[in-house]
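The structure under discussion appears below in the form of C-alpha cells.
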Amino acid sequence: MKKRSVTQRVILYGVLSVLAVIFLFPLVWMIMSSMKDEYQIFRDMTSLKAFLPPMPNEIDGSYFQNYLLAFERVNLLRYIMNSLIYTIGIIIFGLVVNSMAGYALARFKFPLRNFWLAVIIATLIIPPESIFLPLYVLVFNLGWVNTYTGLIVPFIANAFAIFLFRQFFLDFPKELEEAAKIDGCSQLGIFFKIVVPLTKPVFATVAIVLFINHWNDFLWPLVVANDDSMRTIQIGLQYFMNQPPIQWGQVMAALTIATIPMLIIFIFLQRYFVEGLTHTGSKN
Amino acid sequence: MARKPYLKTQEGKEAITGYLFLLPALILLSIFLLYPMGTAFYYSLTDFYILRPDEKNFVGLENFSMILGDAAFRQAFVNTMYFTVLVVPIQLGVALGLALLVNKKLKFKVFFRTAYFSPVVMSLVVVSILWTFMYNPNEGLFNEILASLGIPEQPFLSSPDQAMNSIIVMSVWQGAGFQMMIFLAGLQNIPGHLYEAAEIDGANLFQKFLHVTLPGLKNISLFIFITITIAAFKLLVQPMIMTQGGPLGSTKSLVYHIYEVGFNYRDVGYASSMAVVFTVMVLIITIVQRFLIKEEEG
C-alpha cells in the first residue's frame, strides 16, 4: 500500500475531524450545557467552550443545579420509572414468549408450521403507525388506558424477535437436546435448562433491541399514557419543553437524563448494541 | 391392529408441544396486531366517533371519497413524499461516504467511527429538542455561525419554505451513523483479492469503487434503501416536536395528520380510512422495491 503524502494526510484528517465535530457536537454540548446557567450556555455556544464543562469558579451552587431544578419542576423521576417499567416489562415477557415461539418454529414439527411462520413474517410489513388507532380503541375498551398493562401487553409478542430467535435456534446443534430427551427431561425443561443458558447472546441481542425500541418509543405511550403519572420519559420531555418559561439548562439536564441509559448500554454493551442494530441489516 | 389416535403418537405429542410453545405469541399477535388490522378496515367504513361509540353507522366508502377532496390530507401526502424523496438518497449517500472514510487505514479509527455513530444513542425526541434550540432564529447556534460568516439570519423552522428542509438535514444527521455501521459490515465482507485483481488490471481508485465496491454492496444498499424509505414514510416525531406541523402545515406528515384527526378531533372512522390508505401506500412501496430487487437480481 502506498504511503499518503503530507497534503493528503492533512486533507483526510481535516475532513474526518470536521465531520467528528458535526456529529459529536449536539451530544457533548447537551451534556456540558446541562451544567451551565443560561448566560454561560449562550456565551459558550459558538466557541470551543461548548465542549467543556463550566469552570469551577463559574459554578453557582453545584454542577447539578439544573438537574435539581428540573426534578422540581416536572415529575422526571416518575417518567423515568414509568419508562423503566414499560421497557423492562416488555423485555421480560417478550424474551419468554418470543423465544418459545421461535423455538417451536425451529425445532418442532406440527401441522401448519410453515403457514404460521409465513403469517408472522407477513405481520412485519404492517406499520405499527397504521394500527395505533384501533389498538387504542381496543385497549380503551379493555380499561387499560393509563395502566402499565396497556403500555406493555400489546407489544410483548414481536414478530421480528420471533424470527431472530428462530434463525438462531436453527443453527443451534440438536445433540444436547436429544441427549436430555433420552434422560427423560420434559420439552419445557430442555428448553429452559439446556437451550436458554447456551444461547445467551441471542437473548442479550433481542433484549437490547427491545430496550432501544421501547425506551425511545413515542407514539404508543403518547396515546395510551396521557395522565401525568403515567408519562414515559420521551413524552415527559416533550411536555417539559412546552412548559414556559423555557430554561434551556434544565431542558438539557432532562435530555441528558433521558439519554444516560442508552449511553450506558452503548458504552458497556457496545458489541451487542451494534450487533443488535446491524443484525436487522445483515440477516434479512 | 388398531392405530393409535394421532394425538397419542410421537408426532401428535410433538405437535401439541409445538403449539403450546407457539400459542402465547400467536394469541397476543392475533389480539393486538391482526384484530386491530381488521377493525381498522371496519372502522374506515363507519362514522365511528370516540365520544359516541354506540352509534357507529355504516357509511360505505364515504370516508374514502372524502379523502380525495381533503386538502389537508393532500398536503400531508405531498410533505411526506417530499421528505422521503430527499431523505432517502441523501442519507444513503452520507452513510456510504462515512463508511468508505472510516474503512480506510486510519489512526483513531474507533474514535471517528464512534463519533459518527453517536447521534444514534439519542432518541428522536431528544435530538428534535436539541435541534429546535440550534435552529432558533434569534439566538440559535446556526444563526450565530452564519452571523460570524457575514451571512444574514435565516428563519429555519419558522419559515414554510425552510422548515421541512431543516427537518431533513437533522434526520439525515441522526440516522446516517447507523447505516454507516451496516455499510461497514458490508465493506468488510468484500474479499480483498478482488481489489488486488483490479489493481493488477490497472484500475484506479474510482474504477475500483465502481466495479468492486459498489457491486459488493448491492444487497446491503437495497436493504438499507427499503428500510430508510419506509422509516421516512412514517415521519412523525420530528414535526410533532419541532414545528407542530407548521408553519402553514408545511411539515404536517401523513401519520401526524392521522393522529390529529383520530385523537384531537376524535373522528376514528375518517382517521381509520386514512390509516388504511397509508398502509396500502406502505405495502405498495414495499412490493415495488422488492420487485425492483428481483428484477436486478434476475
Is it fair to say B:F156 is in contact with a Ser or Thr (Cβ under 6 Å, 6 or more places away or on another chain), away from chain A (no Cβ under 14 Å) and without any contact (Cβ under 8 Å) to a residue 24 or more places away in the chain? yes
Residues that are in contact with a Ser or Thr (Cβ under 6 Å, 6 or more places away or on another chain) and within 11 Å of chain A (Cβ to nearest Cβ): find the helices (runs of 4 or more DSSP H) completely inside the stretch B:218-276 holding 3 or more of those. B:237-242
Inspect the stretch B:151-162 for any residue being surrounded by fewer than 18 Cβ atoms within 10 Å (Cβ to Cβ) and in contact with an Asp or Glu (Cβ under 9 Å, 6 or more places away or on another chain) and give the result as yes or no. yes
Residue ID - surrounded by the most Cβ atoms within 10 Å (Cβ to Cβ), chosen from residues in the stretch B:103-116 that are more than 8 Å from chain A (Cβ to nearest Cβ) and part of a helix (DSSP H, G or I): B:R113
From the list B:L45, B:L92, exactly one residue is surrounded by 14 or more Cβ atoms within 10 Å (Cβ to Cβ), closer than 24 Å to B:F178 by Cα and in contact with a Phe, Trp or Tyr (Cβ under 8 Å, 6 or more places away or on another chain). Which is it? B:L92
Is it true that some residue in the stretch B:188-200 is facing chain A (nearest Cβ under 9 Å) and crowded, with 20+ Cβ neighbours inside 10 Å? no
If we ask which residues in the stretch A:128-160 are more than 7 Å from every other protein chain (Cβ to nearest Cβ), surrounded by 23 or more Cβ atoms within 10 Å (Cβ to Cβ) and in a loop (DSSP other than H, G, I, E, B), their number turns out to be 1
Please state which one of A:T256, A:T278 is within 8 Å of another protein chain (Cβ to nearest Cβ) and either out of contact with any Ser or Thr (no Cβ under 9 Å at 6 or more places or on another chain) or modelled with pLDDT of 85 or more (or both). A:T278
Given the conditions (1) buried (at least 20 other Cβ atoms within 10 Å of the Cβ); (2) more than 8 Å from chain B (Cβ to nearest Cβ); (3) over 22 Å from the mean Cα position of the chain (by Cα), which single one is not true for A:N114? (1)
Tell me the residue from A:Y39, A:Y79 that is surrounded by fewer than 14 Cβ atoms within 10 Å (Cβ to Cβ), modelled with pLDDT of 85 or more and not in a loop (DSSP other than H, G, I, E, B), please. A:Y39
Residues (more than 9 Å from chain A (Cβ to nearest Cβ) and either outside any helix (DSSP H, G or I) or more than 28 Å from A:L48 (Cα to Cα) (or both)) located in the stretch B:164-182: B:M164
Do we find that A:V119 is at negative phi, touching a residue at least 40 places away in the same chain (Cβ under 8 Å), assigned to a helix (DSSP H, G or I) and within 12 Å of chain B (Cβ to nearest Cβ) in this structure? no
Pairs, please: C-beta under 6 Å, at least 6 apart or cross-chain, first residue at negative phi and in the stretch B:124-151, second surrounded by 20 or more Cβ atoms within 10 Å (Cβ to Cβ) and among the polar types (S, T, N, Q)? B:V125/A:Q234; B:V126/A:T259; B:V127/B:Q174; B:S128/B:Q238; B:Y135/B:S166
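Let's see how each residue does on (1) of a type outside the set (G, A, S); (2) crowded, with 20+ Cβ neighbours inside 10 Å:
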residue	(1), (2)
B:A232	no, yes
B:G246	no, no
B:H257	yes, yes
B:I284	yes, no
Test each condition in (1) more than 22 Å from B:N264 (Cβ to Cβ); (2) touching a Leu at 6+ places or on another chain (Cβ under 7 Å); (3) assigned to a helix (DSSP H, G or I) for B:T80 and report the one that comes out false. (1)
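This table checks each residue for (1) in contact (Cβ under 8 Å) with a residue 12 or more places away in the chain; (2) among the hydroxyl-bearing types (S, T, Y).
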| residue | (1), (2) |
| --- | --- |
| B:R3 | no, no |
| B:K8 | no, no |
| B:A15 | no, no |
| B:F21 | no, no |
| B:I27 | no, no |
| B:S30 | no, yes |
| B:A40 | yes, no |
| B:Y49 | yes, yes |
| B:R52 | no, no |
Flag for A:I85 being under 18 Å from the mean Cα position of the chain (by Cα), surrounded by 17 or more Cβ atoms within 10 Å (Cβ to Cβ) and closer than 19 Å to A:I233 by Cβ: no
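The values are calculated or read from the model by the stated rules, or taken from the named source; none is laboratory data. Every value quoted in this text rests on a predicted model; they were computed, and no experiment measured them. Cβ: placed from backbone, ideal geometry, glycine included. Neighbour counts: every protein chain shown.
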